[in-house]
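Reading through the structure tokens given below for one structure.
Each value in this text was obtained by applying a stated rule to the coordinates, not by laboratory testing. Predicted, not measured: the structure shown is a model, and the values here were computed from it. FYI the Cβ positions are ideal-geometry reconstructions off the backbone, even for glycines, and counts take in every protein chain you see.
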């Protein structure tokens, strides 16, 4: 249950415009461990008032405090754009999310268990609500608008501080009550993971793990995984070993997914995806060496970057608005 916070210094910072096409105006929120990305999407699908603000701290009453904060942000957006009347609300969060029943099953960063978030949000906003997992929503946005448009069976991996994932089968998210897609916590070895399990992929192959493992091996702090990759390219033996082990782990994980799920594509986003050929070319080569008769998936860079979760939230809100209209 990887939970991806965002940099605190991003709070209140504007971002590049994002668009989802024509449809009902909606409010959309992408809630992270450290900040909330929010916007009002108009009938043309343009994100208005796009901003990041701090997420309320976790605790016993964190669902109520989070919803109060979302309501404050919504009031500010509506005051800024009084001519736009949102028809639904989208909220996506990290952790384990049962989207079908609208339940926040578990979130360590946000501090809840079995919280009936969709109903609580609907009570506060008086609008149809879409409530879902952040990375699953991002994967839907990549499928609808981004790098996964050509594929119906795919895995999305977001490799940053941790590794989060989501699966689409025949163009639809596969959720299994919120537990599907935990690629980062698939066991492929015996090293300890902070989650309490052993051998989790993200403990060796996430960007955070790559930087941490290099510093532990050398005593030399680095700015991040990209610095380790650069040092590996310059002949640093410790960096080469750490990077090789991360690539081997990612290759094994994708090979397992290929053998069991046979995705047409694996879409990779997050900070590590910006390594370019050092990541994608190496993974393609290593997958070809490891697999035999299998259909090797296309390895595709994510296109929507940090906008994906918010765009997914808005798309899901649009779907909630349509459903409410059909049942009216």
_Angle in degrees between helix 277-290 and the longest Cα principal axis of the chain, rounded to the nearest 10_ = 70 degrees
*Please figure out what share of the DSSP beta bridges in segment 151-295 is antiparallel and state it in percent, rounded to the nearest 5.*
70 percent
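How many times 2.2 N^0.38 Å is the alpha carbon radius of gyration of segment 150-302?
Details: Rg = 15.1 Å, N = 153, 2.2 N^0.38 = 14.9 Å.
Taking N as the residue count of segment 150-302, the ratio is 1.01.
Please find the FRET efficiency linking residue 234 to residue 108, where r is the Cβ-Cβ separation and R0 is fixed at 45 Å, and quote it to the nearest 0.05. Write down the numbers at each step before the final one.
On the way: r = 38 Å, r/R0 = 0.83.
The computed FRET efficiency comes out at 0.75.
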*asked:* Checking the a/c ratio against 1.5 first, then a/b against b/c, what shape does the Cα gyration tensor give for segment 78-176?
replied: oblate
*Return the percentage of antiparallel bridges among DSSP beta bridges fully within the chain, rounded to the nearest 5 %.*
60 percent
*asked:* With the cut-off at 1.5 for a/c, could you classify the chain from its C-alpha gyration tensor as rounded, prolate or oblate?
replied: prolate
*Compute the acute angle (0 to 90°) between the alpha-carbon long axis of helix 62-80 and the principal axis of greatest extent of the alpha-carbon atoms of the chain; round to the nearest 10°.*
60 degrees
_For the chain: relative contact order, % (alpha-carbon pairs under 8 angstrom, 6 or more apart)_ = 19 percent
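For segment 150-302, what is the relative contact order in percent, using Cα pairs closer than 8 Å and at least 6 residues apart in sequence? Intermediate values should be presented prior to the final figure.
Numbers: 266 pairs, mean separation 35.7, N = 153.
Averaging sequence separation for qualifying contacts and normalising by length gives 23 percent for segment 150-302.
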*Compute the long axis of helix 308-327 from its Cα atoms, compare it with the longest principal axis of the Cα atoms of the chain, and write down the angle in degrees, 0 to 90, nearest 10.*
40 degrees
